[in-house]
Amino acid sequence: LVGGIAILQDDDPEGAVRLLSSRPSLHTVVFAQGEVHGEYRTRQFRVLAGKPTTRTKVTEHGHTFTVDLAGAYFSARLSTERQRILAQVQEGEAVLDMFAGVGPFAITLAKRASLVVASDLNPKAIGLMLENIMLNRTKNVLPMLADARRLDRILSWKFDRIIMNLPLSGTEFLPEAFQLCRPGGTIHFYSLVSAEGEHTARIRELGGTVLAERVVRSYSPGQWHAVYDVRIGG
Ligand code: SAM
């Protein structure tokens, strides 16, 4: 379930109609036609019942996010993770979200941070992020349509905290993140791994210390999404 949309893994129009009539909170039931794919990490859906849309509103810990399941990545399963990071943010921090999507981490962390720069390559994600900034009356998120590969040349600031949520290929962006983080700052690096400590050597080589490595959720047998909380040397 994402907001008012139920996602079925089976192409079952009759089941979709039954589900829709049994749950008043739903407006649409869709069939997920494929896996999450491509640079934008999106997925294709076919509407099986209800309103013909992939847009919906998701409420999470006092925030509301407009999402479009077909247009930009969003995972409701990361809500606990967003709260975990929020609990670590100190008042007044400058935060960078390098792969910000529709802004759920950025808008959540803006409660404590002084500024959150929220960047993404997908124009639809940035469009939805602007809607979400207005919806939540957030005044300290700076949306940027940019390739994370170029951020270290675009931004001259050093950040206290950086969120890197691109689990399949985030490793290649670690040098840019280290460049953008101040000495003593923190990077939360999400990655798909198949062994504990898989990225520890690379993080050390770049000058970081792994403060914690946690499982966020399982992905497939023998693979899981992990988060590394990393302290930058200095
Ligand atoms: N952080 C968001 C969230 O939790 O909902 C979105 C995470 S999603 C797994 C990864 C995001 O990275 C997608 O929105 C995608 O468009 C974006 N992305 C992929 N490659 C990128 C790049 N080179 N530069 C900036 N953003 C990129």
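Counted residue by residue at 0.36 nm each, then reduced by the alpha carbon distance between them, the extension gain from E14 to E91 reaches 22.6 nm. Sorting R18, R153 by the number of Cβ atoms found within 10 Å of their own Cβ, with the fewest placed first, yields R153, R18. Highest-first packing order for the peptide set 134-144, 168-178, 83-93 is 168-178, 134-144, 83-93, based on the mean count of other beta carbon atoms within 10 Å.
Counting 0.36 nm for each residue step from L130 to W157 and taking away their Cα separation leaves a gain of 7.5 nm. Pairs of lysine residues in the chain that meet both criteria, 8 or more places apart or on different chains and Cα atoms under 26 Å apart, total 9. The mean of 1/r over all pairs of different alpha-carbon atoms in the stretch 126-234, once inverted, gives a Kirkwood hydrodynamic radius of 15.1 Å.
With N the number of residues in the chain, Rg(Cα) / (2.2 N^0.38 Å) evaluates to 1.05.
If R₀ is 30 angstrom, what is the calculated FRET efficiency for the pair L1 and T209, using the beta carbon separation as r and rounding to 0.05? Once the sixth-power term is evaluated, E becomes 0.20. The packing ranking, built from the mean of other Cβ atoms within 10 Å per residue, places the peptides 1-9, 159-167 in the order 159-167, 1-9, highest first.
Throughout, read-outs are computed from the coordinates displayed, never taken from laboratory work. Not measured: the values here are computed from a predicted model. In this analysis, Cβ positions are derived from the backbone assuming ideal geometry, glycine residues included, and neighbour counts consider all displayed protein chains.
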